[in-house]
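Chemist: Sharing a structure, written as structure tokens. Questions coming.
The values are calculated or read from the model by the stated rules, or taken from the named source; none is laboratory data. In this text, all values refer to a predicted model and were calculated from it rather than measured experimentally. With ideal geometry, Cβ positions are generated from the backbone for all residues, glycine too; neighbour counts draw on all protein chains shown. All accessible areas refer to the heavy atoms of the entire protein, side chains included, with ligands and DNA or RNA removed. Shrake-Rupley method; radii C 1.70, N 1.55, O 1.52, S 1.80 Å.
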Amino acid sequence: MKRSVLTRYRVMAYVTGVLLVLLTLGCIAKYGIDIDGADSFVKVVGIAHGWLYVVYLIFAFDLGSKAKWPVGKQLWVLIAGTIPTAAFFVERKVSRELEAKATDPAPAVAEA
């Protein structure tokens, strides 16, 4: 498995996790505290999280299929982008597990 597969999953896990935390805080501000402007914030962040979550799903599925994970583990990683802060913990666990298995592509050797 290439290191780039793990790297792009890690980036999307962080992006999805941050957006979900912001969305959660925005919903608390909108519905719990009734802050002005929270409605538009929730709308923008919600749309961004929704689209980027789809990208996260694609990258997480690609990582899981290349790492040959069982279905249960694959589902847990896919669902982690919907639970606030879970993406951070799952990403850390997955990264530690797969870091040793990830390889950099070998440099091309020129023949003289």
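Chemist: Which helices count as membrane-span-like in the chain under these terms: full DSSP H, at least 27 Å along the axis by C-alpha, Kyte-Doolittle mean of 0.0 or more?
Modeler: Those that clear 27 Å and a mean of 0.0 are 3-27, 38-67.
Chemist: Of (1) 36; (2) 69; (3) 27, which is the value of percent of Cα pairs over 24 Å apart derived from the coordinates here?
Modeler: (1)
Chemist: Take every Cα pair under 8 Å in the range 1-98 that's 6+ residues apart, average their separations, divide by the length, and report that relative contact order as a whole percent.
Modeler: That works out to 42 percent.
Chemist: May I ask you to give the solvent-accessible area per residue for the chain, in square angstrom, as obtained with a 1.4 angstrom probe?
Modeler: 64 Å²
Chemist: If R0 is 22 Å, what FRET efficiency do you get for Arg3 and Lys73 from their C-beta distance, rounded to 0.05?
Modeler: Efficiency at R0 = 22 Å is approximately 0.65.
Chemist: Ignoring ligands, DNA and RNA, please state the percent of accessible area on the range 1-61 from carbon and sulfur, probe 1.4 Å.
Modeler: 74 percent
Chemist: While we're here: Counting only helical runs of four or more DSSP H residues, what would the 222 nm mean residue ellipticity of the chain come to if each run contributes -39,500 (n - 2.57) and the total is spread over all its residues?
Modeler: Calculated at 222 nm, the ellipticity per residue is -23500 deg cm²/dmol.
Chemist: So which trypsin sites (Lys or Arg not before Pro) in the range 44-81 pass both tests, a DSSP loop state and at most 15 other Cβ atoms within 10 Å of the Cβ?
Modeler: Counting only loop positions with at most 15 other Cβ atoms within 10 Å, the trypsin sites (Lys or Arg not before Pro) in the range 44-81 are Lys68.
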